[in-house]
Structure formats: structure tokens, C-alpha cells
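Below: one structure, written as C-alpha cells.
The values are calculated or read from the model by the stated rules, or taken from the named source; none is laboratory data. The structure presented is a predicted model; accordingly, all values stated were derived computationally and were not measured. Note that each Cβ is placed from the backbone with ideal geometry, even for glycine, and that neighbours are counted across all protein chains shown.
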């Protein structure tokens with residue numbers, strides 16, 4: 001079938017559909033491009049055509065949002081339909097998510113107020129979620145989503161989702177439910193069964209994969225030909241990645257001593273764009289500081305008069321309540337130690353004395369890799385506990401984590 005094809009597109013870049021007289025029947029009277037299919041979604045992007053004499057183009061709207069429609073019909077004779085289709089090109093939709101200025105050293109990304117675009121969530125790397133591109137899932141109180149992309153190699157498990165609210169298969173973006181997803185919500189099956197907590201969330205212009213069917217009809221609406229168009233997207237700017245997966249543990253070092261990390265070449269990015277490389281310290285789950293106290297006996301409601309078993313059960317339940325949500329507890333002051341700063345040419349790393357970002361360097365991947373080789377960690381004499389180490393790469397559109405969560 002001449003209609004069937006794969007369109008490899010890049011975010012925000014128009015690309016020709018590559019049609020070349022695909023309407024082969026002289027009886028053809030119309031062509032229908034069906035965005036109402038289960039695996040299609042017009043909010044991802046649309047096909048555009050030049051104005052063509054003899055061809056009428058109709059868009060079937062299904063909501064108050066003018067960018068949301070269920071299909072496109074082109075009506076005309078064979079020659080005119082081919083002339084029009086030969087001009088067709090595809091472009092993903094542009095949303096305000098791309099325009100939100102990001103604070104690179106903030107713990108979480110700033111989200112657009114309208115929450116439009118392709119939503120990215122991150123879940124635990126050891127989760128067995130059972131979802132594939134083209135499947136449906138749910139987020140509590142927010143309705144149904146179509147899975148458009150999955151990455152399980154670069155940063156834990158990341159999924160990109162297109163909103164498919166329950167009012168219609170393709171719903172308006174302005175539904176209040178669309179704004180409810182947040183870190184701490186559960187990813188659910190289509191049957192509303194909890195799978196795992198969401199540990200990161202952001203929005204971007206669509207780059208996911210989906211299918212659209214196209215059918216040629218005669219004047220009696222009899223099918224003459226049909227095919228499937230598969231859209232396969234990629235980011236406009238190549239994502240950074242870990243060239244060497246960083247360790248998630250901070251090696252035990254001699255108290256009252258400095259420890260050179262010398263992590264080697266950590267990150268890479270195809271376009272050599274500037275990135276923020278960051279190191280953060282986190283408490284282990286069995287550390288009282290994980291629960292925000294200095295000793296477990298200080299936990300609210302601790303059964304000090306109970307049995308040892310009851311006390312251990314209470315502590316275990318408190319840890320599990322937080323750990324099951326994959327909630328991290330970051331070191332937020334210098335009591336656990338201090339990262340030493342380094343300079344590469346004119347760029348100098350920073351080590352804030354408060355907040356969760358403990359070491360931060362902004363530069364090209366090569367500069368980041370040099371900086372992380374020369375930085376050190378000082379361990380105070382009073383610190384004898386082990387800590388977790390989290391490495392992350394952050395830029396205006398991407399957050400890549402070595403181990404986000406607990």
C-alpha cells in the first residue's frame with residue numbers, strides 16, 4: 001500500500017509526508033485521515049496541506065480547543081487529491097512548556113500553568129510496569145493517557161504520555177483534570193490499579209510515537225485503499241547522557257579528611273551544548289535523618305513504653321510509608337561534609353551551604369568532566385555514617401538522574 005509509511009520527525013521541524021500520487025483509483029472522491037484511532041492523537045501534531053484548486057479540506061472538531069479534532073477529510077477528484085496530498089507536511093504542536101524558564105539548580109522542574117504538551121514522568125528503574133508505546137494508562141483523578149515513548153536506559157524509566165481524557169478519546173486541554181498529575185501520584189493501569197509512584201514530571205513539545213490511519217473512498221463511501229502512517233519522533237536538541245554510569249554510593253572515607261572523587265568522564269552530549277552537572281547527597285532509609293529526626297525515638301507517636309518488637313515495627317512502618325513512594329531525603333546543610341570547588345578555564349563550580357544541590361558545575365560536557373575530576377569531598381570527624389550519592393544532568397529541557405528517588 002503506497003499510503004503506509006513511517007515519518008521520522010524532529011521536534012518543531014516541519015517534514016514532508018513524502019506522498020507521490022498515492023491515490024491510485026480514478027474513482028476516488030475523498031481521503032480521510034483518522035485521528036480518532038486508538039493509537040492516534042491530534043494533540044501531538046498535525047498534517048498540513050497547500051491550498052489546492054478543486055480540493056475541499058474539512059477538519060472535524062470535537063472540543064472547544066481548536067487544536068483538537070478527530071480527523072481530516074479531503075474531497076476532490078483523483079488528480080486534484082494527489083496534487084494536494086503531494087504538498088502535505090507534518091509538524092508537531094508547539095506548547096508553552098518550551099518557554100518556561102528553568103532554574104537549573106532547583107530540585108524539580110517548573111511546570112507550565114496550562115500543562116499542555118507531551119507529559120514526561122519518571123518511575124523507579126526496578127519497576128515492572130508492563131506498558132508499551134501505544135498502550136493506555138491512568139493517573140489518579142486525571143484520566144487516561146496514551147504512552148508515546150519509553151526510555152529505560154538513560155535515566156531510570158521515563159515515559160512520555162499524551163492526555164486522552166475520558167470525556168472523549170481526544171479531549172480538550174482545558175479540562176481541570178489535566179492539571180492534577182504531580183510527583184507522588186501513582187502511575188496506574190487502564191483499570192486504575194496502582195503500578196508505582198511518579199518520582200519526576202515535566203512537559204515538552206511532542207516527540208513521541210503514534211499511528212494515524214488514512215483511507216481513500218469513492219463517492220459512495222466505499223473503501224478503495226487504506227494504510228497506516230507511523231510517526232516516530234526525536235528531540236530537537238540531543239539529550240545529554242551518562243557516558244559512565246555514576247556510582248550511587250559515597251565510598252567510606254577517613255573522617256576529618258578530603259576524598260578526591262576523580263569520577264572520570266561522566267557525561268556526553270552530541271551537540272556539545274552547555275549542561276549543569278550536579279552531585280547531591282541523600283540519607284539511607286535506615287538513617288533517622290531519612291525520616292527527619294536525629295534518633296528514631298523522636299518520631300511522633302513512637303511507642304516508648306511498648307515492647308522492643310512494637311518499637312521496631314513502628315520504625316519499620318514509618319520507613320516503609322516513605323520508601324514505598326520512592327521519596328528521597330537529601331542532605332541540606334554542611335554537617336555531613338563539604339564538596340570542594342574547582343575551576344575549569346573561566347568556569348567555577350559552586351557548593352551551596354543550604355538547599356539540596358550540594359555541588360554544581362555549568363559548562364560543556366568536556367568542562368563538566370574535567371571539573372568533576374578535580375573536585376573533592378571533605379568528611380568531618382563527627383560523620384561516621386554512609387551516604388548515597390546522586391548525580392544529575394540538567395538543562396532547559398532535560399533532567400537525567402543516576403538515581404532519582406530514595
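Restricting the first member to the stretch 167-193 and to residues that are over 24 Å from residue 405 (Cβ atoms), and the second to residues that are exposed (fewer than 15 other Cβ atoms within 10 Å of the Cβ) and at pLDDT 60 or above, the beta-carbon pairs closer than 6 Å and six or more apart or on different chains are 172/64.
Per this entry, residue 230 is not counted among residues that are surrounded by fewer than 18 Cβ atoms within 10 Å (Cβ to Cβ), in contact with a strand residue (DSSP E or B) (Cβ under 6 Å, 6 or more places away or on another chain) and either assigned by TED's automatic domain parsing to the domain that holds residue 338 or within 30 Å of residue 382 (Cα to Cα) (or both).
Matching residues to (1) buried (at least 20 other Cβ atoms within 10 Å of the Cβ); (2) within 29 Å of residue 187 (Cα to Cα); (3) touching a strand residue (DSSP E or B) at 6+ places or on another chain (Cβ under 7 Å):
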{"position": "331", "(1), (2), (3)": "no, yes, yes"}
{"position": "334", "(1), (2), (3)": "no, no, no"}
{"position": "342", "(1), (2), (3)": "no, no, no"}
{"position": "352", "(1), (2), (3)": "no, no, no"}
{"position": "360", "(1), (2), (3)": "yes, no, yes"}
{"position": "389", "(1), (2), (3)": "yes, yes, yes"}
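Residue 27 meets all of the listed conditions (1) farther than 19 Å from residue 213 by Cα; (2) modelled with pLDDT of 95 or more; (3) surrounded by 17 or more Cβ atoms within 10 Å (Cβ to Cβ) but one, namely (3). Across the stretch 114-129, the qualifying residues are those that are in contact (Cβ under 8 Å) with a residue 24 or more places away in the chain and in a loop (DSSP other than H, G, I, E, B), and the one among them that is surrounded by the fewest Cβ atoms within 10 Å (Cβ to Cβ) is 114.
Of all the listed residues (371, 366, 298), the sole one being in the same structural domain as residue 256 (by TED's automatic domain parsing) and surrounded by fewer than 17 Cβ atoms within 10 Å (Cβ to Cβ) is 366. The one condition from (1) in contact with a strand residue (DSSP E or B) (Cβ under 9 Å, 6 or more places away or on another chain); (2) modelled with pLDDT under 90 that residue 118 does not meet is (2).
Among the residues of the stretch 247-254, not a single one is at pLDDT below 95, within 16 Å of residue 400 (Cβ to Cβ) and crowded, with 17+ Cβ neighbours inside 10 Å. Taking residue 191 as the residue in question, decide whether it is at pLDDT 90 or above and either assigned by TED's automatic domain parsing to the domain that holds residue 24 or more than 30 Å from residue 138 (Cα to Cα) (or both). In short, no. Taking the stretch 205-222 on its own, how many of its residues are part of a strand (DSSP E or B) and surrounded by 22 or more Cβ atoms within 10 Å (Cβ to Cβ)? Of the residues in that region, 4 qualify.
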